[in-house]
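Taken together, the values in this text are just the output of simple stated rules run on the coordinates, not laboratory data. On a predicted model such as this, the values are computed, not experimentally measured, just so you know. We place every Cβ from the backbone using ideal geometry, glycine too, and count neighbours over all the protein chains shown.
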Amino acid sequence: MILKKGKTAHFLIFIFFLFFAGQLAAQLHPIYRFKNVMIPVDLRIGDSILPKGGYDLEFLRVSSPLSYFVRIMKKGKILHFLQGEDFQYDNSSTIPKNPTLKMSKNKDEKTLSIVFESGMYQKDYAKIRAIYHIEYEGD
């Protein structure tokens, strides 16, 4: 296979991207999945709008560097993949026993905040708390 000079650089960048994406996917560790979570507003994610309704939310962790992600899915299809932030506990008495999910709207900033807590007794990933801020459309 012979590539022209300009196309060689694009080909190498493409191969590097595939390698990097494969490495990231290999490091993703599922923590917990909530099924049919009702999202109360239309979410604006990048250039697309995700209409309000029921979605599966799968929370994941990457260990190096430590990062938290959520997959937004419908009928097994991944629609969006978002990064969240570590959200520290004030004290250990506020840690729930089981995984929990809380949502709140900030009407001034038009963001929906989703807080995921893995819980005290989660086998592999206990005491994790992460927050995700997503812009929304409408009221």
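Of the residues 76, 84, the single one that is over 14 Å from the mean Cα position of the chain (by Cα) and not aromatic (Phe, Trp, Tyr) is 76.
Candidates are the residues of segment 44-73 that are under 11 Å from the mean Cα position of the chain (by Cα) and of a type in the set (Lys, Arg); the one that is nearest to residue 119 (Cα to Cα) is 61. Within segment 26-52, track down each residue that is closer than 30 Å to residue 123 by Cα and surrounded by fewer than 17 Cβ atoms within 10 Å (Cβ to Cβ). Listed by number, the residues that qualify are 26, 27, 28, 29, 30, 33, 34, 35, 36, 37, 38.
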